[in-house]
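**Q** Take a look at the following structure, please.
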Amino acid sequence: MITTVSQHQKLMDRLDHAVQYYPYYRSLSHMMNREMDAEKLLAQFPIMDKNILHVHRAELELPITGTTGESFTSGTTGVPFRCVKSVDEMMKLSLVMYKHREKWGLPVRHRMLLVSNMMTCAPSDCERYLKQMMEQQPHFIQGPASALSAIADYIVSRGKSLRFPSNLQFIQNWGESLHPQQKENIEQVFQRPVVNYYGLEEFWCVAFSNRNGKLEIDEEAVYVEVLDPLTGSQVGDGEMGEIIVTSYYMKSLPFIRYRTGDMGAMVKEKDGQKILDLLPIRYEHIRLREGQLPASVFHDLDKFFTQLSQEFGFKGYQMIQLDYEIFRLCLAPGYGELPLFMIQARVSSFLKYYIHEQVVVEVESVKRIAPHPYTGKVHTFVTQIQP
């Protein structure tokens, strides 16, 4: 239950705003009663996902004046999505991120080294990032756990220790599940703490590592529910379910009871703080004959697949690695006939660029992308090659 007036007020204000400004929610205006428990009222609102937002965007998107930020989600839940943010929203979301990083020693004026998800984990890539680290003197390094771990392994393989920048405060995982072994490996090499970040492109931070190494939900920015994915009912404390998030700051698009597609459990600590325990369902690699490549590189095809979605009603995709150079791209079409030859050529070129080998891409039209039998989440990438 919500225990403080401020939390009740914040959630109630969010729901009031929804029924007042978005045509999609106006039919719920009769339910608004500020004396009612905010959690119970929230439960009366429909669960939202990318597909609903896409279909009803005209009823859900508020006009933004001035500069906007635009980005695209990966489509791992089956539907790629275009995200827009106002300057005010981006500023508030950025302050949320800084608040958490400040706890780990980040100064107001700081430098960041971003390790790209395009990294192949080859020695040349690792050496390039080490050189950038020495030149740029970052206060923190951010990147996917697999790439950060690969850099740590490369440092060890060189057989000598490095003098890291004295102002380097921490290493931040971004975009992948952080496994305990990876965390230990990176911390031993860099002699800096590894912090974990869980968020979505749609509204950024949901939870961030606290000093106990747990993912602490940012209750100033979001309200989190954990629901049974089959019944939609709330699960008990510590029980696994689908993570549903309501953003307090996003108004250009109302992310109210928004399905993340991620599975996990929420635990309330003795001090009242809510902690997320995520299932590691984002972690996967493209297998190479020599080495491996983070599957997160497929994020760089987001805009391409988003355009297909907008033009042809395309509903989702999944890449399956059948062999080292053989892939099958499964597409769930919509109301238009997909240009399969063009898609095949584009994706083949993309994979060849990263794998540096001739690749074969089979394109298959399917009625739907099959979700994972346990998590219920549609994965962008699946490999059939055993590690």
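The values are calculated or read from the model by the stated rules, or taken from the named source; none is laboratory data. From a predicted model like this one, the values you see are computed outputs, not experimental measurements. Here the Cβ positions follow ideal geometry from the backbone for every residue, glycine too, while neighbour counts run over all protein chains shown.
**Q** So which residues in the range 53-110 are part of a loop (DSSP other than H, G, I, E, B), at pLDDT below 95 and touching a Pro at 6+ places or on another chain (Cβ under 7 Å), if there are any at all?
**A** Listed by number, the list holds a single entry, Thr73.
**Q** Inspect all residues belonging to the range 157-177 and state whether any of them is part of a helix (DSSP H, G or I) and of a type in the set (A, V, I, L, M).
**A** No, the range 157-177 contains no residue that is part of a helix (DSSP H, G or I) and of a type in the set (A, V, I, L, M).
**Q** Can you list residue pairs whose Cβ atoms sit under 7 Å apart, with the first residue in the range 80-102 being free of Cβ contacts under 8 Å to residues at least 24 places away in the same chain and the second being of a type in the set (Ser, Thr, Tyr)? Count only pairs 6 or more apart in sequence or on different chains.
**A** Val87/Thr67
**Q** Of all residues in the range 21-61, which are within 26 Å of Val87 (Cβ to Cβ), surrounded by 14 or more Cβ atoms within 10 Å (Cβ to Cβ) and of a type in the set (A, V, I, L, M)?
**A** Across the range 21-61, the qualifying residues are Met48, Leu53, Leu60.
**Q** Check Asn210 against each of (1) crowded, with 19+ Cβ neighbours inside 10 Å; (2) closer than 20 Å to Val224 by Cα and name the one condition it does not meet.
**A** Of everything listed in (1) crowded, with 19+ Cβ neighbours inside 10 Å; (2) closer than 20 Å to Val224 by Cα, Asn210 misses just condition (1).
**Q** Related question: Do we have any residue at all in the range 187-199 that's under 19 Å from the mean Cα position of the chain (by Cα) and closer than 28 Å to Lys352 by Cα?
**A** no
**Q** Taking the stated definitions as given, is Glu225 closer than 21 Å to Leu41 by Cβ, assigned to a strand (DSSP E or B) and modelled with pLDDT under 90?
**A** Taking the combined requirement at face value, the residue does not satisfy it.
**Q** Among all residue pairs at least 6 apart or on different chains, which show Cβ distances below 7 Å where the first residue, located in the range 321-349, is under 14 Å from Leu308 (Cα atoms) and the second is among the small types (Gly, Ala, Ser) and crowded, with 16+ Cβ neighbours inside 10 Å?
**A** Taking only residues 6 or more apart or on different chains, the pairs are Ala332/Gly316.
The rows are residues; the columns are (1) in contact with a helix residue (DSSP H, G or I) (Cβ under 7 Å, 6 or more places away or on another chain); (2) surrounded by fewer than 18 Cβ atoms within 10 Å (Cβ to Cβ); (3) of a type in the set (Ser, Thr, Tyr).
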| residue | (1), (2), (3) |
| --- | --- |
| Glu127 | no, yes, no |
| Gln132 | no, yes, no |
| Gln137 | no, yes, no |
| Gln142 | no, no, no |
| Ser146 | no, no, yes |
| Ser149 | yes, no, yes |
| Arg158 | no, yes, no |
| Arg163 | no, yes, no |
| Phe170 | no, no, no |
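**Q** What number of residues within the range 235-258 satisfy the criterion of being out of contact with any strand residue (DSSP E or B) (no Cβ under 6 Å at 6 or more places or on another chain) and either not assigned by TED's automatic domain parsing to the domain that holds Met48 or not in a loop (DSSP other than H, G, I, E, B) (or both)?
**A** 0
**Q** Just need a number here: residues in the range 275-302 that are part of a strand (DSSP E or B) and either more than 26 Å from Ile52 (Cβ to Cβ) or modelled with pLDDT under 75 (or both).
**A** Selection size over the range 275-302: 8.
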